[in-house]
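Chemist: First, the structure itself, so that you have it in front of you.
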Amino acid sequence: MLSTTRRQLRAAPTAGRQLSTSATTRSSAAPALTLGTRPFRVGIIGGGPAGFYAASRLLGLAGSENTKVDLFELLPTPFGLARFGVAPDHPEVKNCEHKFEETARDPRFRFFGNVQVGGVAPSPSSPSSSTSTVVPNLSPSPLAAQITLSSLQPHYDAILLTYGASLDRLLGIPGEDTLSNVFSARSFVNWYNGHPYHSSLLAPLINLSKLEHVTVVGQGNVALDVARILLKDPAALEEFDVPEGVLDELRRSKVKRVEIVGRRGPLQLACTTKEVRELMNLPGVGFETDAALLKEAMVQMEENPGMDMARMRKRALGLLEKGSKTKMSSAERSWSFEFLKSPLELLAADATGASSSSNDALDLLAPPSRVGAVHYGINELVGSGDPSRLSARSTGQTTTSSTDMVLKSVGYRSIGLPGLPFDERRGIVRNQEGRVIDEAGQTLPGLYTSGWLARGPNGVIATTMFDAFATADLLAADLSSSSPSEARPELPIEQLRGDRQVVSWEDWEKLDREERRRGEEKGKLREKMTEVKEMLEILA
Amino acid sequence: MFSRSVARLIIARPSPASAVRALATSASSPSAGAPSRFLAPAAKHNQLIQRAFSNSAALAHGGKGRPKKGEGITLHFKKSNGEIETVEANEGDDIVDVSWEWDLDIEAACEKSIACSTCHVILEDDIYDKLEEPSDDENDMLDLAFGLTDTSRLGCQVKVTKEMDGTTITLPSATRNLRVDGSKPTPH
């Protein structure tokens, strides 16, 4: 692939992989990346930021006049994590949706919402396939049209998989699956963001009026988002797009304390400064952490100015040291960072009461016990070199802390598609810079992946954007260097959809207007519809 | 809007490989193949206007217009591939305005609300020193910027001043090798 087949990118510098700088020094005028006005069809599976950024990039390339992009989305609503992941009190982050809307209105672009590709199922060997966490989109969606990947392939010159990471990484400890009031932070996020698959499932299980103490396991931005939503005055959320039912629940909340627990120390924090600052600035909310550990981390930081992400870590530690303006003594609510702790077991609230009924049938009917405490192993940091990269190792000591609810925020993994090479360890589609490869490292022609599905669940929207741009450029370069072939036949969506409804972009705009209208009535940004059924009824 | 199709002033510095690139790019760049984003048909534009009650600052991503030739402040933008693009800007516009006006490939995903780092630019030392310190919010976003330097700013927070006349603003290179979590990509 070096030199000759590589194309120089058109005006693609900000995101571009700079293809072969060496080649351009000797060529007098390297051709810009162009799709050569050929009639390419590209299918994109997954309508989140990765899919939309890739689509916008492809349709912005030189020579893309005859390129067509079809984007498939499981839900009737587009935007993926911009809609269901980004916190409701961060509406400015969702401004990226405006660009996606511009792309979607391009006549070369089509949106196929409410379409499930591939009968998404976990690959048989998936270690997490037997777990009981709430992952309703594992099975075919009862309302979505079902189309297999293989039935799409004849219609597209390239298919780009961008359906993200919809499974949770597990703690793998006793009590995780059996106790009530234990959720994945993602489910919780999806609940307060009105995700159709989680809203109705979680709503009856969450009762914030019955608990005061929440433990969040994991210290990334999702953990901090969850903590902020729990600690913030609900009145400060009303203007955004939090569903009314969720606002009601938050108003009833008796939560006084949120502990955010990590297996490593302050220098290894995974969250970003903005999220720490927001928590520190919440009115009436105090903060505490282990001052000695923090001091130790500050010293280490001063001794290692060249460490990874040194600037951000330094600023984050500064924020922790400064703490909240609200003193703990006068705080109505509070949060803490707990370091060097790994949960070993979740204990039932009534663990000592031994619910040993002799009647098995009654046991099955009884509601599960509520979580009452977390049993932790205490860690130390080991390793050498960059202190931000140290690992946690158990000291053998343990400790137990009481709690009323546990939210697990230790990362995500993706779901494989039948016939798609999947890296079980990392929970992503096997790929090399976005080209899907098999276990032997051979490229599967015409298949690409980007976003969290390709590189794992981390980074902000900008990270996904750069990744999507680069993958789109790679895909386009491959297409433009391919030998000319007959134009692909258009996907016969009307035949494939069966009796299911496919949601077009115009349909979504109708839903969007309705949500905004309902929101306006209540003085908020939008009132999300939280059921697929309702959306489809409005469109019928 | 259609002024975008006016040929740009592209100055290829007589230095390294960038000169070749600049020429190659200039031939194909003005609005070629970018129909959706900037050449919005009137209908689409109206639709956007109707929806402007939402929280968006700049839906159509238009610039704020260009100064008369020879009367603006000259800015050189150095792109990550080494190409230099020279434009004239109005005093008081911010760098993202200038980018939107001249189609300079600064993404500005959050539309200037200090919620992302995609408009990250690198300034010359003396220009950086004359600016007010970045706010905490801006610094929080700069923490996440790709290829951060000592004179990095968010373009949306930098207003064009007369003192900037002739300065070079560098757009950082961002590749998939630079990740927000700092991890090196591994073959998988």
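Chemist: Looking at region A:397-416, which of the residues that are open to solvent by 10 Å² or more (accessible area, probe 1.4 Å) and not in a strand (DSSP E or B) is farthest from residue A:210 (Cα to Cα)?
Modeler: A:411
Chemist: So, in region A:423-444, exactly how many residues are in contact (Cβ under 8 Å) with a residue 24 or more places away in the chain and out of contact with any strand residue (DSSP E or B) (no Cβ under 6 Å at 6 or more places or on another chain)?
Modeler: Just the residues of region A:423-444 that are in contact (Cβ under 8 Å) with a residue 24 or more places away in the chain, to begin with: A:424, A:426-429, A:433-436.
Okay, now just the ones that are also out of contact with any strand residue (DSSP E or B) (no Cβ under 6 Å at 6 or more places or on another chain), so A:424, A:426, A:428, A:433.
Matching residues across region A:423-444 total 4.
Chemist: Return only the number of the condition from (1) modelled with pLDDT of 95 or more; (2) at negative phi that residue B:179 does not satisfy.
Modeler: It fails just one condition, (1).
So that you can scan it fast, the table gives a plain yes or no per residue for (1) aromatic (Phe, Trp, Tyr); (2) within 23 Å of residue A:458 (Cα to Cα); (3) surrounded by fewer than 20 Cβ atoms within 10 Å (Cβ to Cβ); (4) modelled with pLDDT of 95 or more:
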{"residue": "A:226", "(1), (2), (3), (4)": "no, yes, no, yes"}
{"residue": "A:238", "(1), (2), (3), (4)": "no, no, yes, yes"}
{"residue": "A:266", "(1), (2), (3), (4)": "no, yes, no, yes"}
{"residue": "A:272", "(1), (2), (3), (4)": "no, yes, no, no"}
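Chemist: I'm trying to understand the selection: among the residues of region A:312-340, which are at pLDDT below 95 and either loosely packed, with under 15 Cβ neighbours inside 10 Å or in contact with a His (Cβ under 8 Å, 6 or more places away or on another chain) (or both)?
Modeler: A:325
Chemist: Mind checking which residues of region B:91-134 are among the hydrophobic types (A, V, I, L, M, F, W, C) and outside any loop (DSSP other than H, G, I, E, B)?
Modeler: Taking region B:91-134 as the starting set, the residues that turn out to be among the hydrophobic types (A, V, I, L, M, F, W, C) are B:95-96, B:98, B:100, B:102, B:104, B:106, B:108-110, B:114-116, B:119, B:121-123, B:127, B:131.
Within region B:91-134, B:95, B:96, B:98, B:100, B:102, B:121, B:122, B:127 qualify.
Chemist: Continuing with the same structure: Could you grab me the full set of residues in region A:196-238 that are farther than 26 Å from residue A:173 by Cβ and outside any helix (DSSP H, G or I)?
Modeler: Within region A:196-238, A:232, A:233, A:238 qualify.
Chemist: Can you name every residue in region A:473-486 that is part of a helix (DSSP H, G or I) and away from chain B (no Cβ under 11 Å)? Give the steps one after another, and end with the answer.
Modeler: From region A:473-486, those part of a helix (DSSP H, G or I) are A:473-481; that's our starting set.
Selection gives A:475, A:477, A:478, A:479, A:480, A:481.
Chemist: Could we say that residue A:246 is open to solvent by less than 20 Å² (accessible area, probe 1.4 Å), within 14 Å of chain B (Cβ to nearest Cβ) and among the β-branched types (Val, Ile, Thr) here? Spell out how you get there, then give the answer.
Modeler: Working: open to solvent by less than 20 Å² (accessible area, probe 1.4 Å): yes; within 14 Å of chain B (Cβ to nearest Cβ): no; among the β-branched types (Val, Ile, Thr): yes.
No: the conditions fail for residue A:246.
Chemist: Filter region B:102-125 down to the residues that are acidic (Asp, Glu) and out of contact with any strand residue (DSSP E or B) (no Cβ under 8 Å at 6 or more places or on another chain) and list them by number.
Modeler: If we filter region B:102-125 for residues that are acidic (Asp, Glu), which is where we start, we get B:103, B:105, B:107, B:111, B:124-125.
Of everything in region B:102-125, those that are acidic (Asp, Glu) and out of contact with any strand residue (DSSP E or B) (no Cβ under 8 Å at 6 or more places or on another chain) turn out to be B:103, B:105, B:107, B:111, B:125.
Chemist: If we scan region A:487-502, do we find a residue that is within 14 Å of another protein chain (Cβ to nearest Cβ), of a type outside the set (Val, Ile, Thr) and open to solvent by less than 80 Å² (accessible area, probe 1.4 Å)?
Modeler: No.
Here's the yes/no breakdown for (1) under 18 Å from the mean Cα position of the chain (by Cα); (2) open to solvent by less than 10 Å² (accessible area, probe 1.4 Å):
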position	(1), (2)
B:114	yes, no
B:126	no, no
B:139	no, no
B:142	yes, yes
B:148	yes, no
B:151	yes, no
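Chemist: Please list, ordered by first then second residue, the pairs with beta carbon atoms under 7 Å, 6 or more apart or interchain, first in region B:82-93 and in contact (Cβ under 8 Å) with a residue 60 or more places away in the chain and within 14 Å of residue B:64 (Cα to Cα), second open to solvent by 10 Å² or more (accessible area, probe 1.4 Å) and β-branched (Val, Ile, Thr).
Modeler: From region B:82-93, the pairs are B:89/B:73; B:91/B:73; B:91/B:161.
Chemist: Hey, another quick one. Could you check how many residues of region A:14-48 are at pLDDT 50 or above, more than 10 Å from every other protein chain (Cβ to nearest Cβ) and not in a strand (DSSP E or B)? Give the derivation first.
Modeler: Narrowing region A:14-48 to residues at pLDDT 50 or above: A:31-48.
Now narrow it down to the ones that are more than 10 Å from every other protein chain (Cβ to nearest Cβ): A:36, A:38-48.
Restricting the remaining residues to those that are not in a strand (DSSP E or B) gives A:36, A:38-40, A:46-48.
Total satisfying the criteria: 7.
Chemist: Residue A:162: within 14 Å of chain B (Cβ to nearest Cβ) and modelled with pLDDT of 95 or more, yes or no?
Modeler: Details: within 14 Å of chain B (Cβ to nearest Cβ): no; modelled with pLDDT of 95 or more: yes.
Taking the combined requirement at face value, the residue does not satisfy it.
Chemist: Pick from A:483, A:450: which is in the same structural domain as residue A:96 (by TED's automatic domain parsing) and either open to solvent by 10 Å² or more (accessible area, probe 1.4 Å) or aromatic (Phe, Trp, Tyr) (or both)? Can you show your working first?
Modeler: Numbers: A:450 fails: either open to solvent by 10 Å² or more (accessible area, probe 1.4 Å) or aromatic (Phe, Trp, Tyr) (or both).
Checking each option against the conditions leaves just A:483.
Chemist: Output the number of residues of region B:64-90 satisfying the condition of being of a type in the set (Lys, Arg) and not in a loop (DSSP other than H, G, I, E, B).
Modeler: So the first thing to find is which residues in region B:64-90 are of a type in the set (Lys, Arg), and the list is B:64, B:66, B:68-69, B:78-79.
Restricting the remaining residues to those that are not in a loop (DSSP other than H, G, I, E, B) gives B:78.
Final tally of qualifying residues: 1.
Chemist: Being aliphatic (A, V, I, L, M), touching a helix residue (DSSP H, G or I) at 6+ places or on another chain (Cβ under 9 Å) and on the phi < 0 side of the Ramachandran plot narrows it down to one of A:440, A:477, so name that one. Give the steps one after another, and end with the answer.
Modeler: On the way: A:440 fails: touching a helix residue (DSSP H, G or I) at 6+ places or on another chain (Cβ under 9 Å).
Being aliphatic (A, V, I, L, M), touching a helix residue (DSSP H, G or I) at 6+ places or on another chain (Cβ under 9 Å) and on the phi < 0 side of the Ramachandran plot holds for just one of A:440, A:477, which is A:477.
Chemist: Now, a different point. Between B:104, B:59, which is within 14 Å of chain A (Cβ to nearest Cβ), modelled with pLDDT under 85 and at negative phi?
Modeler: Numbers: B:104 fails: modelled with pLDDT under 85.
From the options B:104, B:59, the qualifying one is B:59.
Chemist: In region B:86-101, how many are at pLDDT 95 or above and over 9 Å from the mean Cα position of the chain (by Cα)?
Modeler: Looking only at that region, the number is 9.
Chemist: So for region A:459-472 (the condition being without any contact (Cβ under 8 Å) to a residue 60 or more places away in the chain, open to solvent by 50 Å² or more (accessible area, probe 1.4 Å) and either assigned to a helix (DSSP H, G or I) or in the same structural domain as residue A:443 (by TED's automatic domain parsing) (or both)), does at least one residue qualify?
Modeler: Looking only at region A:459-472, we keep the residues that are without any contact (Cβ under 8 Å) to a residue 60 or more places away in the chain, and these are A:459, A:462-463.
Checking which are open to solvent by 50 Å² or more (accessible area, probe 1.4 Å) leaves us with none.
No: region A:459-472 contains no residue that is without any contact (Cβ under 8 Å) to a residue 60 or more places away in the chain, open to solvent by 50 Å² or more (accessible area, probe 1.4 Å) and either assigned to a helix (DSSP H, G or I) or in the same structural domain as residue A:443 (by TED's automatic domain parsing) (or both).
Chemist: Quick check on residue A:36: is it in contact (Cβ under 8 Å) with a residue 24 or more places away in the chain and closer than 30 Å to residue A:141 by Cα?
Modeler: Values: in contact (Cβ under 8 Å) with a residue 24 or more places away in the chain: yes; closer than 30 Å to residue A:141 by Cα: no.
Answer is no for this residue.
Chemist: Now for a separate question. For region A:425-447, name all the residues that are of a type in the set (Gly, Ala, Ser) and either outside the structural domain of residue A:478 (by TED's automatic domain parsing) or outside any strand (DSSP E or B) (or both).
Modeler: We begin by selecting, within region A:425-447, every residue of a type in the set (Gly, Ala, Ser); these are A:427, A:434, A:440-441, A:446.
Answer for region A:425-447, where residues must be of a type in the set (Gly, Ala, Ser) and either outside the structural domain of residue A:478 (by TED's automatic domain parsing) or outside any strand (DSSP E or B) (or both): A:427, A:434, A:440, A:441.
Chemist: Take residue A:63 and tell me if it is on the phi > 0 side of the Ramachandran plot and within 10 Å of chain B (Cβ to nearest Cβ).
Modeler: For residue A:63, the condition - on the phi > 0 side of the Ramachandran plot and within 10 Å of chain B (Cβ to nearest Cβ) - is met.
Chemist: Please specify each residue of region A:369-396 satisfying the condition of being in a strand (DSSP E or B), more than 14 Å from residue A:343 (Cβ to Cβ) and open to solvent by 50 Å² or more (accessible area, probe 1.4 Å). Write out each step before concluding.
Modeler: Pass one, region A:369-396, residues in a strand (DSSP E or B): A:370-382, A:391-396.
Retained after the next criterion (residues that are more than 14 Å from residue A:343 (Cβ to Cβ)): A:370, A:380-382, A:391, A:393, A:395-396.
Matches in region A:369-396: A:370, A:380, A:381, A:391, A:393, A:395, A:396.
Chemist: Considering only region A:421-445, state which residues are within 21 Å of residue A:116 (Cβ to Cβ) and away from chain B (no Cβ under 14 Å).
Modeler: Taking region A:421-445 first, the residues within 21 Å of residue A:116 (Cβ to Cβ) are A:421-422, A:427-429, A:436.
Of everything in region A:421-445, nothing turns out to be within 21 Å of residue A:116 (Cβ to Cβ) and away from chain B (no Cβ under 14 Å).
Chemist: What number goes with the only condition from (1) within 14 Å of chain B (Cβ to nearest Cβ); (2) part of a helix (DSSP H, G or I); (3) surrounded by 14 or more Cβ atoms within 10 Å (Cβ to Cβ); (4) not polar (S, T, N, Q) that residue A:524 does not pass?
Modeler: (2)
The values are calculated or read from the model by the stated rules, or taken from the named source; none is laboratory data. If you're wondering where the values come from, they're calculated on a predicted model, not measured in any experiment. We place every Cβ from the backbone using ideal geometry, glycine too, and count neighbours over all the protein chains shown. Ligands, DNA and RNA are excluded from the accessible area calculation, which covers all protein heavy atoms including side chains. Shrake-Rupley method; radii C 1.70, N 1.55, O 1.52, S 1.80 Å.
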